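Please read the structure below before turning to the comments.
The values are calculated or read from the model by the stated rules, or taken from the named source; none is laboratory data. This one's a predicted model, so the numbers in the text were calculated from it and none came from an experiment. Don't worry about glycine lacking a Cβ; one is built from the backbone with ideal geometry, like all the others, and counts go over all protein chains shown.
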Amino acid sequence: MSPRLEKLLPFVFEFAIFAMFYLIQLGTLYYYVYIGLTPLLFLLSSVYFKDVRGLIYKVLLNKDLIILISAIFIWLFIFAATNNGPLYVFETAYYPVFLEQFNFRFLIITFLRRRFSFGQSIVIQGVLYSIFYASYIFFYPTGYPGAFLELFIIDNFSMAIVYGVLYYFRKNFYLAATLHLSLYLISVFLPASLGWIPEVTTPV
């Protein structure tokens with residue numbers, strides 16, 4: 001691959017991922033397009049980009065994987081014991097957790113590291129993560145997250161920074177994914193009387 005193409009394609013891939021995610025708001029079909037095609041772009045990135053290819057095995061084949069696997073089993077037990085569908089744990093582990101952690105914490109930070117420091121890359125991916133979830137604001141300006149808009153934006157940005165810092169220290173996204181998964185799943189057990197507060201304060 002030519003150096004020029006290697007610089008251009010990450011923008012193309014990320015634009016496609018963002019576009020597919022935004023289109024989810026238009027119907028269920030686009031949801032399946034997003035969760036089906038995004039891993040294909042991950043695979044292509046891992047094959048064609050030298051920096052991604054050089055890190056992929058170190059990131060994925062890391063001992064911290066056992067932490068995520070343990071968390072999944074614990075949540076499966078909790079959901080089964082409380083008569084909630086255990087399948088939801090696997091669904092959440094794949095989307096949003098895996099798709100977002102692999103993309104934002106691994107791919108995007110790796111791409112950004114071509115020009116920026118690690119710290120700057122973490123902040124920029126936090127901004128991009130907030131833009132990613134701005135689809136709710138774009139399609140439903142008077143709906144979710146409603147009066148909690150500022151909290152929703154701050155939450156997404158701040159948690160993206162936390163996940164990015166965990167990635168920096170651990171050199172993989174498994175600890176960040178474990179936290180992401182747990183915060184997402186715990187919202188199932190929060191009382192409905194809290195309204196949208198759990199939804200906008202739990203990283204999506």
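Annotations
- Test result for Y136, of a type in the set (S, T, Y), surrounded by fewer than 21 Cβ atoms within 10 Å (Cβ to Cβ), farther than 21 Å from L9 by Cα and under 15 Å from the mean Cα position of the chain (by Cα): no
- Residue list for the range 1-33, restricted to those being among the hydroxyl-bearing types (S, T, Y) and either exposed (fewer than 11 other Cβ atoms within 10 Å of the Cβ) or without any contact (Cβ under 8 Å) to a residue 60 or more places away in the chain (or both): S2, T28, Y30, Y31, Y32
- Checklist (1) within 21 Å of A16 (Cα to Cα); (2) aromatic (F, W, Y); (3) modelled with pLDDT under 95 applied to F148, failing item: (1)
- Those residues of the range 35-48 which are touching a helix residue (DSSP H, G or I) at 6+ places or on another chain (Cβ under 7 Å) and in contact (Cβ under 8 Å) with a residue 60 or more places away in the chain, in sequence order: I35, T38, F42, S45
- Just one of (1) assigned to a helix (DSSP H, G or I); (2) over 19 Å from M20 (Cα atoms) fails for L107. It is (2).
- The single condition from (1) under 18 Å from the mean Cα position of the chain (by Cα); (2) exposed (fewer than 14 other Cβ atoms within 10 Å of the Cβ); (3) farther than 13 Å from L185 by Cα that Y94 fails is (3).
- A80 without any contact (Cβ under 8 Å) to a residue 24 or more places away in the chain and not polar (S, T, N, Q): yes
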